[in-house]
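One structure is given below, encoded as structure tokens.
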Amino acid sequence: MKFILVTFLTALLIIIINPFLPYWAVMIFIAILTALVGINGVGAFFAGGLGMGLAWLGQSIYIGIISGSQLPQKMSELMGLGSDMVLFAVTGLLGFLLGAFSALSGSLFRKSLKRKPTNIYGG
Amino acid sequence: MKYIGFFVAFALTIALAVAVSRPFGAIPPLAPLLDPNNGFWQNTFSEDELAEEELELSNLSAEVKVIYDENLIPHVFASNDADLYRAQGYITAKHRLWQMEFQTMAAGGRLSEVVGSLALDLDRMTRRKGLSYGAEKGAEFIKENDPESYLLLEAYADGVNQYIDQLSDARLPVEYKILNYRPEHWSAFKSILLLKYMTDMLVGDRDLEYSNLRKILGEVMLDKLYPEYPQGVDPIIESGHKWGFKSLSVTRPDSISYPDNLLLIDPMPQPEDGTGSNNWAVSGSKTKSGNPILANDPHLSLNLPSLWYSMQLTTPDHSVKGATLPGALGVISGFNEDIAWGVTNATRDTRDWYKITFQDNTRKAYRYGDRWEQTTFRIEEIKVKGEKVFLDTVVYTHYGPVVYDKTFNSNRQDVNFALKWNVHEGSNEQKTFLLLNASKNHEDYNEALNNYTAPAQNFVFASKSGDIAMRIQGKFPLKWRGQGKFFMDGADPRMEWQGYIPNDQNARTLNPSRGFVSSANQHPTDSTYPYYVFDNSFEFYRNRRLNNQLKGMSNITVEDMQGLQFDDYYLHAAEALPIMLGLLGKDSESDAVAKKYLALLNEWDFYADPNQKAPTVFYIWWKKTYAHIWTDLTNNIAPVVLPSYYQTVLFMKNEPTDSIFNLKNTADIETAATHVKQGFKEMLVDMAKWEADEGDFSWANYKRTKIQHLVPQFKSFSVDNVYTGGGSGMLNATSDRAGASWRMVVELGEEIKAFGIYPGGQSGNPGSKYYSNFINKWANGEYLNFDLRKSDQAEGVLFQTILN
């Protein structure tokens with residue numbers, strides 16, 4: 001449940017704040033998000049990654065469709081990628097990696113702050 | 001343990017974030033580029049999708065209305081000049097920011113900052129010939145002599161800068177994102193620099209090559225192969241024109257000693273082949289409507305974003321429309337409610353070289369007559385992307401900068417040559433265009449032109465009141481016959497220019513009886529003009545075709561003039577081919593392949609239309625023949641230029657067995673026929689290869705007109721294989737990389753009818769649908785409606801914006 005929530009919130013975060021802030025600021029917000037929500041490392045990694053990756057992929061596809069521009073094709077030729085399909089995939093993948101590592105850092109940061117229960121046997 | 005996990009993840013995240021923010025070799029920083037919200041994806045939107053009804057522009061005295069027609073041509077309505085040019089700067093930057101900055105980086109010798117050390121030699125050359133130095137002089141000159149214009153230049157710069165200051169990452173032009181830099185502020189200086197850059201693009205000299213030719217051939221042979229006034233020249237100002245002024249006298253030194261060793265220097269870059277232009281105006285007596293019609297098509301390198309940007313600029317005092325240069329104020333080639341004007345390059349040798357004899361290795365002084373003159377040093381600081389700053393010391397003499405010295409472009413020789421060029425003297429070309437934009441009649445036009453120095457232009461003019469005129473305007477040095485054709489000795493004060501031809505003695509004509517004025521980069525006048533006029537690059541074909549057509553035409557319509565701009569008649573072929581076929585004789589007719597090509601050539605009507613095959617065959621045959629004829633000249637180690645096509649054809653026609661056709665190092669005696677036959681054989685080889693590799697050899701497919709992005713490596717931003725006819729030496733001068741960069745036809749009736757087109761689009765953004773949308777129309781010879789618009793006109797509006 002938390003996994004879906006983090007995925008959803010990450011994607012939402014991208015859509016709301018990324019238009020105004022560069023990618024690295026978004027990464028900080030994702031880390032803060034996972035730190036606040038409290039999700040384990042593996043979950044954070046994939047939820048953050050999927051959230052940002054899907055958001056970037058979706059946004060690029062949406063922009064590509066509504067603008068009808070030749071630019072994605074021209075850019076992929078310029079970058080030696082051949083087809084614009086590859087460029088969509090690369091955008092999504094990059095989003096995944098940035099989101100995943102940010103979320104993982106946030107999650108592990110929360111974990112590192114958790115106080116170890118020192119007095120487990122009571123006394 | 002738990003800390004270690006966090007720190008590892010954190011370090012990885014930081015490393016990743018940093019890695020994707022940096023370029024790797026040629027790969028730009030990935031994340032800023034691919035971010036769909038800020039990266040290149042945002043550049044996929046066209047201007048109409050991003051239209052805003054209101055934009056903030058400070059320092060205006062009243063609101064400015066900008067109406068875009070369906071071709072994204074902005075029509076700017078302002079209440080005074082300062083508002084108008086502030087808005088022009090803002091709107092131009094909005095559509096062409098990267099281009100205008102990139103061009104001034106090139107002009108200032110600063111490309112290395114953007115692309116790295118591969119541009120260093122180019123930057124050094126640009127700086128050593130003193131373009132920035134000239135622009136600094138120009139800025140001082142305008143500040144001092146014309147503070148009003150300077151204020152307008154600053155208003156324009158402020159408009160550009162207000163755009164830059166509010167520019168978001170998303171809206172940043174994609175070239176900045178790929179090349180990974182950001183725009184810096186614009187300035188009045190940069191606008192002036194841009195106009196100097198135009199001079200650099202349009203003015204060449206062949207003093208180096210002529211010096212070598214003089215040494216190799218001797219003066220007699222030089223004059224035979226390169227006559228300054230070949231037979232059959234049809235000058236710009238109609239032959240027989242009466243000059244009506246008393247000319248200044250020029251004294252030629254009685255003895256002249258030229259620096260006389262062969263010069264093994266790499267020549268300076270020259271204007272691209274195919275840069276030239278046509279303009280003409282026909283008087284009402286020759287037109288169907290009785291109104292004058294004016295036409296202009298400047299030929300330049302075909303680039304994207306296009307060199308030109310169309311605009312209408314309106315204040316309560318004037319309303320002007322046409323082609324602007326992004327970075328310069330006003331319209332450069334256009335019309336207003338009363339007049340129209342256009343420009344072609346008035347090539348003339350206004351750039352001369354002086355040999356400098358330094359006193360010693362410190363280069364602090366140089367010989368001048370019987371004394372030593374002091375030099376000054378200008379340190380050029382060239383920033384190089386990813387490397388340390390390159391410092392280049394350029395020595396300045398009173399002539400100008402020492403371009404060639406031991407540190408630069410000198411090939412095995414210890415040489416020092418200073419460049420004298422009027423681009424280094426203060427001048428105010430911007431004023432000419434500001435005044436022309438608001439001119440109402442022939443008098444105003446002349447007044448505007450008096451401010452103009454360089455690059456010298458043939459300014460065509462027509463007015464609603466019925467006048468047509470042509471004036472060749474530039475600041476032309478007063479020279480004795482032959483002065484500046486060769487490198488001169490800078491130690492000899494008698495080699496100095498003796499002043500300038502006064503403005504009112506520059507060649508001009510008003511309402512000539514033949515009913516038209518025209519220019520196409522040919523000789524400016526007949527031989528009666530009382531001043532020495534020389535250039536290597538006068539054109540011989542377009543002007544004769546144009547004048548012959550205009551002479552024969554009557555009841556002329558706008559469509560006729562459009563047709564003439566798109567005329568593919570290959571006059572050079574029409575003159576050369578019959579001679580070549582005659583010299584070839586019947587030998588080749590036994591060969592079946594040869595027969596096929598000869599049949600094509602024999603049936604040809606001499607039009608180089610895109611689907612024709614004969615032009616390709618002729619073109620290759622001619623190139624091979626020409627190269628073969630002048631083999632001895634090309635084999636020299638010193639750089640030279642070859643005789644013109646025109647002169648070569650005259651020799652082939654009139655003296656086919658003359659000794660000029662004989663090659664020295666062969667046992668046989670060659671004649672013109674030998675070269676023609678050899679050229680034919682080589683043509684067969686080339687054609688066989690072309691047909692095997694490519695198949696179709698129709699003209700458009702062979703010449704492959706390409707409209708190239710300003711960064712040639714950005715191949716996908718260029719448009720290749722444009723299907724269109726014409727070529728160098730034809731009125732439709734569209735060759736592979738150069739051609740009509742702007743076509744305009746204006747009829748000056750009660751209601752002005754205007755048409756224009758250029759090979760590009762209004763948007764500088766390769767992602768926009770307005771980036772290259774004019775190209776197909778341009779290639780077909782079609783035009784856009786360029787009529788003046790009123791601010792309340794409702795039809796054909798794409799969107800409108802209020803600047804406030």
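The values are calculated or read from the model by the stated rules, or taken from the named source; none is laboratory data. From a predicted model like this one, the values you see are computed outputs, not experimental measurements. Quick reminder, even Gly has a Cβ in these numbers, built from the backbone with ideal geometry, and neighbours come from all protein chains shown.
Among the residues of region B:253-268, is any within 25 Å of B:A340 (Cα to Cα), touching a residue at least 12 places away in the same chain (Cβ under 8 Å) and assigned to a loop (DSSP other than H, G, I, E, B)? Reasoning before the result, please.
Kept after step one, since they are within 25 Å of B:A340 (Cα to Cα), are these residues of region B:253-268: none.
Checked against the condition, which is being within 25 Å of B:A340 (Cα to Cα), touching a residue at least 12 places away in the same chain (Cβ under 8 Å) and assigned to a loop (DSSP other than H, G, I, E, B), region B:253-268 yields no hits at all.
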Fill in: Verdict on B:N602 being of a type in the set (S, T, N, Q) and under 33 Å from the mean Cα position of the chain (by Cα)
no
Practice prompt. Kindly establish whether A:S76 is touching a Gly at 6+ places or on another chain (Cβ under 8 Å) and closer than 20 Å to B:E49 by Cβ.
Written response: no
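Considering region B:732-779 alone, what residues qualify as being in contact with a Gly (Cβ under 6 Å, 6 or more places away or on another chain) and either among the aliphatic types (A, V, I, L, M) or within 17 Å of B:S46 (Cβ to Cβ) (or both)?
Applying the first criterion (in contact with a Gly (Cβ under 6 Å, 6 or more places away or on another chain)) to region B:732-779 yields B:732-735, B:738, B:744, B:770-774.
Selection gives B:A733, B:A738, B:M744, B:Y770, B:Y771, B:S772, B:N773, B:F774.
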Practice prompt. Have a look at B:N547, B:N503, B:N555 and point out the one that is closer than 14 Å to B:V460 by Cβ and in contact with a strand residue (DSSP E or B) (Cβ under 9 Å, 6 or more places away or on another chain).
Written response: B:N547
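Check region B:85-94 and report whether any residue there is surrounded by fewer than 23 Cβ atoms within 10 Å (Cβ to Cβ) and not in a strand (DSSP E or B). Outline the logic, then answer.
Start the filter on region B:85-94 by keeping residues that are surrounded by fewer than 23 Cβ atoms within 10 Å (Cβ to Cβ), which leaves B:94.
If we keep only those that are not in a strand (DSSP E or B) as well, we get B:94.
Yes, region B:85-94 has at least one match.
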Discussion item. Among (1) at the interface with chain B (Cβ under 9 Å from one of its Cβ atoms); (2) crowded, with 24+ Cβ neighbours inside 10 Å; (3) under 12 Å from the mean Cα position of the chain (by Cα), there is one condition A:W24 misses while meeting the rest; what is its number?
Written reply: (2)
Discussion item. Being more than 14 Å from every other protein chain (Cβ to nearest Cβ) and either in a helix (DSSP H, G or I) or aromatic (F, W, Y) (or both) is the filter here; which residues of region B:693-719 pass it?
Written reply: B:D693, B:F697, B:W699, B:A700, B:N701, B:Y702, B:K703
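Yes or no: B:S277 within 20 Å of B:A738 (Cβ to Cβ) and outside any strand (DSSP E or B)? Even if it seems obvious, please write down each step before you answer.
Numbers: within 20 Å of B:A738 (Cβ to Cβ): yes; outside any strand (DSSP E or B): no.
Criteria not met by B:S277.
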Fill in: Test for A:S67: is it facing another protein chain (nearest Cβ under 9 Å) and without any contact (Cβ under 8 Å) to a residue 24 or more places away in the chain
yes
Worksheet entry | Filter result (surrounded by fewer than 17 Cβ atoms within 10 Å (Cβ to Cβ) and more than 24 Å from B:G204 (Cα to Cα)) within region B:119-144 | B:E140, B:K143, B:E144
Worksheet item: Only one of (1) outside any loop (DSSP other than H, G, I, E, B); (2) farther than 25 Å from B:R124 by Cα fails for B:V394. Which number is that?
Response: (2)
Item to complete: With the condition kept exactly as written, say whether any residue in region A:4-14 is closer than 30 Å to B:A26 by Cβ, outside any helix (DSSP H, G or I) and at the interface with chain B (Cβ under 9 Å from one of its Cβ atoms).
Response: no
Item to complete: Go through (1) under 18 Å from B:Y229 (Cβ atoms); (2) over 27 Å from the mean Cα position of the chain (by Cα) and name the single condition B:Y541 misses.
Response: (2)
Worksheet item: When only residues in region B:490-506 that are polar (S, T, N, Q) and in a helix (DSSP H, G or I) count, which is surrounded by the most Cβ atoms within 10 Å (Cβ to Cβ)?
Response: B:Q505
Practice prompt. Please state which of the following conditions A:L104 fails to meet, knowing it meets all the rest: (1) facing chain B (nearest Cβ under 8 Å); (2) surrounded by fewer than 20 Cβ atoms within 10 Å (Cβ to Cβ); (3) touching a residue at least 40 places away in the same chain (Cβ under 8 Å).
Written response: (2)
Response to the item:
(1) more than 14 Å from chain A (Cβ to nearest Cβ); (2) outside any loop (DSSP other than H, G, I, E, B); (3) surrounded by fewer than 18 Cβ atoms within 10 Å (Cβ to Cβ); (4) not small (G, A, S) all hold for B:L12 apart from (1)
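Picking from B:K246, B:K224, which residue would you name as being surrounded by fewer than 22 Cβ atoms within 10 Å (Cβ to Cβ) and either assigned to a helix (DSSP H, G or I) or of a type in the set (G, A, S) (or both)? So that I can check it myself, show each step before the final result.
Values: B:K246 fails: either assigned to a helix (DSSP H, G or I) or of a type in the set (G, A, S) (or both).
Step by step, each of B:K246, B:K224 is checked, and only B:K224 is surrounded by fewer than 22 Cβ atoms within 10 Å (Cβ to Cβ) and either assigned to a helix (DSSP H, G or I) or of a type in the set (G, A, S) (or both).
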Fill in: Unmet requirement for B:R348, which otherwise passes all of (1) outside any loop (DSSP other than H, G, I, E, B); (2) modelled with pLDDT under 95; (3) closer than 30 Å to B:Q483 by Cβ; (4) touching an Asp or Glu at 6+ places or on another chain (Cβ under 8 Å)
(1)
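Does B:S588 satisfy the criteria of being modelled with pLDDT of 95 or more, under 30 Å from B:D609 (Cβ atoms) and small (G, A, S)? First the steps, then the outcome.
Working: modelled with pLDDT of 95 or more: no; under 30 Å from B:D609 (Cβ atoms): yes; small (G, A, S): yes.
Answer is no for this residue.
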Worksheet item: Are any of the residues in region B:117-138 over 23 Å from B:E387 (Cβ atoms), basic (K, R), touching a residue at least 24 places away in the same chain (Cβ under 8 Å) and in a helix (DSSP H, G or I)?
Response: yes
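Residue by residue, here is whether (1) surrounded by fewer than 21 Cβ atoms within 10 Å (Cβ to Cβ); (2) among the β-branched types (V, I, T) holds:
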residue	(1), (2)
B:V641	yes, yes
B:V685	yes, yes
B:D696	yes, no
B:K715	yes, no
B:M730	no, no
B:E747	no, no
Practice prompt. Run B:A608 past the list (1) over 24 Å from the mean Cα position of the chain (by Cα); (2) in the same structural domain as B:L650 (by TED's automatic domain parsing) and report the number of the one that doesn't hold.
Written response: (1)
Discussion item. Could you tell me how many of the residues in region B:15-45 are closer than 23 Å to A:L104 by Cβ, assigned to a helix (DSSP H, G or I) and within 8 Å of chain A (Cβ to nearest Cβ)?
Written reply: 6
Item to complete: Filter region B:460-489 down to the residues that are touching a Leu at 6+ places or on another chain (Cβ under 9 Å) and surrounded by fewer than 18 Cβ atoms within 10 Å (Cβ to Cβ), then identify the one that is nearest to B:V640 (Cα to Cα).
Response: B:G466
Discussion item. When you scan region B:142-155, do you find a residue that is in the same structural domain as B:D35 (by TED's automatic domain parsing) and touching a strand residue (DSSP E or B) at 6+ places or on another chain (Cβ under 9 Å), even just one?
Written reply: no
Worksheet, complete the sentence: Every listed condition ((1) among the aliphatic types (A, V, I, L, M); (2) without any contact (Cβ under 8 Å) to a residue 40 or more places away in the chain; (3) surrounded by 22 or more Cβ atoms within 10 Å (Cβ to Cβ)) holds for B:V203 save (2)
Worksheet item: Within region A:1-14, how many residues turn out to be surrounded by fewer than 24 Cβ atoms within 10 Å (Cβ to Cβ) and either polar (S, T, N, Q) or more than 13 Å from A:G99 (Cα to Cα) (or both)?
Response: 6
Fill in: Subset of region A:79-106 that is out of contact with any Gly (no Cβ under 8 Å at 6 or more places or on another chain) and hydroxyl-bearing (S, T, Y) - its residue that is farthest from B:F717 (Cα to Cα)
A:S105
